[in-house]
Structure formats: C-alpha cells, structure tokens
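One structure is given here, and the rest of the page talks about it.
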Amino acid sequence: MVCRIAGWLLAAGLVSLPLPGAAQGFPSKPIRIVLGYSTGGTSDNLGRMITEKLSAAFGQTVLIDNRPGASGNIAAQIVSKAAPDGYTLLYGNTGEMAINPHLMKDMGFDPLADFVPVVLIHNVPLGLIVASQSPYTSFQNFLDAARREPGKLAFASSGNGTPAHLAIEMLMSKTGVKFVHVPYKGAAPALLDLIGGRLDAYFLGLPGVTPQVKGGKVRLLAVTTAERAGSAADTPTVAELGLPGFSISLWGGFFAPVGTPGEIVSRVNREVLGVLTQPDVTAKMAEQGSDVVRTTPQEFGRFVQSELKKYGDIIKGSGLKLQ
C-alpha cells in the first residue's frame with residue numbers, strides 16, 4: 001500500500017524527484033491512447049474527438065489504439081507494462097478500473113499499483129427506463145409496484161457484473177425491494193425486449209436512452225448520477241428521489257503507467273482540460289450524456305479510490321463470486 005500511495009504522489013506532483021530526460025520537450029513523438037473497447041462506443045467516440053484536439057495542442061499525433069477483450073483488461077495489461085514516459089496511456093473505464101478487481105482473481109494488472117491517474121474524461125449516467133406502454137410513470141410508483149409484488153418485476157442488464165447489473169443490486173440494497181435480474185449479452189437485445197413488453201425496467205447508458213425517449217419508445221424515470229445530467233435536466237436523480245448516496249455511472253479517464261514523471265502527468269492533464277472546455281467538445285460531450293468535469297490528477301485519483309470501494313461493497317453485498 002505504501003508503494004501504491006508513493007507512486008500516486010509522485011505522478012500527481014505532490015513530491016518531487018529529479019525528472020528524467022523524457023520529461024524535457026515532451027512530447028517529441030506520437031502518443032498512443034490504448035482503449036479496451038471496440039470502435040463506436042462512448043469512450044471511442046469521445047476519445048477520437050479528444051485525441052484529434054490533443055494532436056493540435058501537442059504538435060504531435062495522438063491516436064486511439066483499440067484493444068478490446070477481457071472486459072477491458074487487455075488494454076490495461078498493455079499499458080501497465082509500457083515505459084513510464086507518457087507516450088502510452090490508458091483510457092481506463094469503470095469496468096477494468098473499479099469493478100473487475102472485485103470479480104476477477106487475476107487480471108494481469110493492479111489498478112492502483114500499476115497506474116497513476118491523469119484526468120477524468122467522461123462521466124455518463126445510466127437512465128432508469130420503462131417501455132412507453134408501461135403502467136409505471138414515475139420512479140415512486142415503480143418502486144411501490146415492486147414492493148407490492150416482491151421478486152416479480154424483471155429488471156434487465158447488459159450482463160453480470162456490468163454497471164447496469166450493479167445499479168440493480170444497489171437499488172435492491174437501498175430499498176429492500178427484490179427484482180428479478182435478467183442478464184443479456186449486450187444492450188441491444190435487452191432494449192428490444194423492454195420495448196416489446198417482455199421486461200419491466202432497464203438501466204441503460206444515457207446515450208442509448210435519449211433517441212428512444214425522443215422516438216416515444218421508452219419513458220425515462222430517473223438518472224443514476226449524483227447530480228442531474230445537463231442533457232436530461234428535467235429528469236430527477238435516484239438520489240434526490242429518496243435514496244441519498246445512490247450513484248452509478250459509466251466513466252472513463254486517462255491513466256499513465258506508474259513511474260511516469262509528475263511533470264508529464266500535469267502537462268497531459270492541463271492539455272486535456274483545455275480541450276474539454278472548447279465549445280464544440282462540450283456540445284459533443286452533452287450528446288454523449290456527459291457533463292464536463294474538471295479534475296486534477298489528485299481529484300481523479302480520489303474518485304477512482306472511492307469507486308473501487310463502492311463497487312467492492314456492492315459486490316460483496318450481492319454475493320457475486322470471483323471468476
């Protein structure tokens with residue numbers, strides 16, 4: 001634990017050591033951002049937009065390298081073994097950095113010991129949705145119905161151990177209400193069954209929710225972040241509807257291999273924050289359901305630690321077993 005904390009302090013610039021030559025004139029060659037998911041998702045879409053802007057800011061090519069597999073773990077393994085010089089970074093997400101450590105015995109990396117946090121990029125709510133023909137018109141009458149018939153309402157997720165699944169577990173823990181968890185292999189089939197009336201509810205990432213709401217196919221009852229989403233400002237949070245502390249999101253940010261000089265970490269953080277405040281980037285972030293959150297490396301590090309603890313508590317309480 002001492003080594004983990006020391007590594008994070010060094011990278012965050014809270015203690016200083018003589019900087020190696022790599023920190024001088026950074027960057028002098030292309031930077032690779034490794035992402036553990038395929039093209040077309042929220043992280044990929046935002047990552048490509050941000051790396052294009054970073055290329056202009058740095059005067060060097062910054063590119064996304066998609067390495068999907070093992071629930072994001074393959075990408076993290078690659079970056080954990082990379083040289084700590086700032087030229088190979090991880091676009092780490094909720095799964096591999098906060099959930100998988102509690103569900104997998106050997107991931108091939110340690111999210112605390114092998115990485116230092118750089119900057120939070122996105123933080124996307126899940127939306128609690130029901131079909132448009134559903135009798136549930138509010139979060140409260142949905143819960144009331146579940147209390148009247150415990151263990152009857154079917155709640156979909158995009159798979160065991162996903163944020164959507166753990167949102168269900170958190171909801172059951174905080175309310176004492178029992179749902180039937182129905183795991184799917186992905187979001188699309190779950191959404192089709194919800195719209196078709198074969199399911200009662202679903203926690204889905206806001207980018208997938210918005211077009212379905214506009215198309216009149218689903219009803220959005222609440223969002224799962226601690227604060228309301230800018231792109232769904234009229235929709236209350238689960239927390240404000242009577243469950244304080246309820247917070248589940250799809251987040252992602254940049255991490256560097258442990259040992260990366262603090263000067264490089266600070267430089268990347270500063271440039272990314274500059275990109276995130278550009279009006280066209282802010283608008284694109286909103287389309288993806290994410291408000292811009294400005295974090296220092298230290299703040300992002302504390303956030304990751306709190307997420308690890310939160311998901312550890314949820315998983316322990318749910319009885320989910322290590323794979």
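The values are calculated or read from the model by the stated rules, or taken from the named source; none is laboratory data. For clarity, every value in this text was computed on a predicted model and none was experimentally measured. Every residue, glycine among them, receives a Cβ derived from its backbone with ideal geometry; neighbour counts consider all protein chains shown. The protein model used for the area step is the full one, side chains on, heavy atoms only, and it has no ligands, DNA or RNA in it. Shrake-Rupley method; radii C 1.70, N 1.55, O 1.52, S 1.80 Å.
Here are the numbers:
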| item | result |
| --- | --- |
| Counted residues, the stretch 31-84 - those being of a type in the set (Phe, Trp, Tyr) and open to solvent by 30 Å² or more (accessible area, probe 1.4 Å) | 1 |
| Elements of type helices (runs of 4 or more DSSP H) in the stretch 241-323, at least 1 residues being without any contact (Cβ under 8 Å) to a residue 60 or more places away in the chain and closer than 27 Å to Phe142 by Cα | 297-318 |
| Selection count where residues are open to solvent by 40 Å² or more (accessible area, probe 1.4 Å) and more than 22 Å from Pro183 (Cβ to Cβ), scope the stretch 139-153 | 5 |
| In the stretch 127-169, the residues that are charged (D, E, K, R) and out of contact with any helix residue (DSSP H, G or I) (no Cβ under 7 Å at 6 or more places or on another chain) | Asp144, Arg147, Arg148, Glu149, Lys152 |
| Hits in the stretch 101-115 (condition: open to solvent by 20 Å² or more (accessible area, probe 1.4 Å), in contact (Cβ under 8 Å) with a residue 12 or more places away in the chain and farther than 15 Å from Leu90 by Cα) | Pro101, His102, Met104, Lys105 |
| Residue in the stretch 284-291 that is open to solvent by 10 Å² or more (accessible area, probe 1.4 Å), modelled with pLDDT of 95 or more and in contact with a Gly (Cβ under 7 Å, 6 or more places away or on another chain) present | no |
| Matching entry among Ala187, Ala222, Ala232, Ala226 (being farther than 23 Å from Leu89 by Cβ, within 20 Å of the chain's Cα centre (by Cα) and either of a type in the set (D, E, K, R) or surrounded by 23 or more Cβ atoms within 10 Å (Cβ to Cβ) (or both)) | Ala222 |
| When residues of the stretch 45-64 are limited to those that are in a helix (DSSP H, G or I) and touching a strand residue (DSSP E or B) at 6+ places or on another chain (Cβ under 6 Å), the one nearest to Arg267 (Cα to Cα) | Leu54 |
| Checking Val272 against (1) closer than 19 Å to Thr51 by Cβ; (2) open to solvent by less than 10 Å² (accessible area, probe 1.4 Å); (3) in contact with a helix residue (DSSP H, G or I) (Cβ under 6 Å, 6 or more places away or on another chain), the condition it does not meet | (3) |
